[in-house]
Amino acid sequence: MQNKLKELRAEQGFSQQKLADLLGVSRQTIISIEKGKFDPSLPLAFDLARTFNCSIEDIFTPDRLD
Amino acid sequence: MHNTQERSTFGRAKFGGSSTLLITISLVSGALLALLFAFGIYLVQDSKLPWWGILLAALPLYPVTAATIWAIFVDRNTIKGAVKNPENSIENSWFSKAAESSFCIIVAVLGIGAGVTAIFDLEFQTDMVLTAATMLCFIVFFVCYQFHKRTGR
């Protein structure tokens, strides 16, 4: 899964630690999502969308769109 | 609910108080619990142990009982570095993957071990076999967790 988390985070001026604190997860979680190594759970994806005031689809794009 | 500034390494108890109070409760209760378990061992052993054997048996139990008491009473929101939603963190994913991997490895190892001991008619003491199996579980899980953490898979 590809994502725009790094760009959105930069736009908002959040550090990885700040975003992790807002979401209640570890900083390693944010790092791994940004690198595309970790697909977040649905509740976390909703929390991310709420944090950036957008939809989940605005952040995440499946590798394969049929 | 406590804020980030009030967090400490060992946190505070769910019922309030300082970090020192929680540590004291854990150490004292842990010592009493360890002595109780050791006394139980003494009784089961039909007093084959000398009285000071109770203290000796309590020693290895003490860290476990003290840590258990601490884990039961600590308010995790007061521990420095503890995240609010650990279930959504990647560490939880590594843990789950390590549990799956280690289950398969342990089943395979124990299955092969059982087969080998049956074929060659080997005999071991039950307590030693169970201790070895427990150690195997710990080691395999640790290695699997590190593998998933480092490879990100």
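A Cβ distance below 6 Å, combined with a sequence gap of six or more or placement on separate chains, defines the contacts here; from region B:79-102, residues that are more than 9 Å from chain A (Cβ to nearest Cβ) and touching a residue at least 60 places away in the same chain (Cβ under 8 Å) reach residues that are part of a helix (DSSP H, G or I) and open to solvent by 50 Å² or more (accessible area, probe 1.4 Å) in the pairs B:A82/B:R76.
Residues of region B:95-129 that are closer than 30 Å to A:A45 by Cα and exposed (fewer than 15 other Cβ atoms within 10 Å of the Cβ): B:S96, B:A99, B:E100, B:F103. Residues satisfying the criterion are present in region B:135-150 (criterion: under 16 Å from the mean Cα position of the chain (by Cα), at pLDDT 95 or above and over 30 Å from A:K37 (Cβ atoms)). When B:F15 is tested against the conditions (1) open to solvent by less than 100 Å² (accessible area, probe 1.4 Å); (2) in contact (Cβ under 8 Å) with a residue 12 or more places away in the chain, the lone failure is (1). Restricting attention to region B:59-78, the residues that are more than 14 Å from every other protein chain (Cβ to nearest Cβ) and among the charged types (D, E, K, R) total 1.
For region B:18-36, residues that are farther than 30 Å from B:G81 by Cα and buried (at least 17 other Cβ atoms within 10 Å of the Cβ) total 1.
In region B:71-94, the residue that is most open to solvent (accessible area, probe 1.4 Å) out of those that are small (G, A, S) and within 19 Å of the chain's Cα centre (by Cα) is B:A71. Might you let me know whether region A:8-29 holds any residue that is open to solvent by 100 Å² or more (accessible area, probe 1.4 Å) and not in a helix (DSSP H, G or I)? Scanning region A:8-29 turns up no residue that is open to solvent by 100 Å² or more (accessible area, probe 1.4 Å) and not in a helix (DSSP H, G or I). If you scan region A:8-62, which residues turn out to be within 23 Å of B:T151 (Cα to Cα) and of a type in the set (D, E)? Answer for region A:8-62, where residues must be within 23 Å of B:T151 (Cα to Cα) and of a type in the set (D, E): A:E34, A:D39. If you take the residues in region A:30-59 that are more than 14 Å from every other protein chain (Cβ to nearest Cβ) and either open to solvent by 20 Å² or more (accessible area, probe 1.4 Å) or over 11 Å from the mean Cα position of the chain (by Cα) (or both), which one is farthest from A:M1 (Cα to Cα)? Looking at residues that are more than 14 Å from every other protein chain (Cβ to nearest Cβ) and either open to solvent by 20 Å² or more (accessible area, probe 1.4 Å) or over 11 Å from the mean Cα position of the chain (by Cα) (or both), I get A:N53. Answer yes if at least one residue in region B:36-56 is within 30 Å of B:V140 (Cα to Cα), touching a residue at least 24 places away in the same chain (Cβ under 8 Å) and not in a loop (DSSP other than H, G, I, E, B), and no otherwise. Taking every residue of region B:36-56 in turn, at least one turns out to be within 30 Å of B:V140 (Cα to Cα), touching a residue at least 24 places away in the same chain (Cβ under 8 Å) and not in a loop (DSSP other than H, G, I, E, B).
The values are calculated or read from the model by the stated rules, or taken from the named source; none is laboratory data. Computed from a predicted model, the values in this text were never measured in an experiment. Note that each Cβ is placed from the backbone with ideal geometry, even for glycine, and that neighbours are counted across all protein chains shown. Heads up: the accessible areas ignore ligands, DNA and RNA and are worked out on the full protein's heavy atoms, side chains in. Shrake-Rupley method; radii C 1.70, N 1.55, O 1.52, S 1.80 Å.
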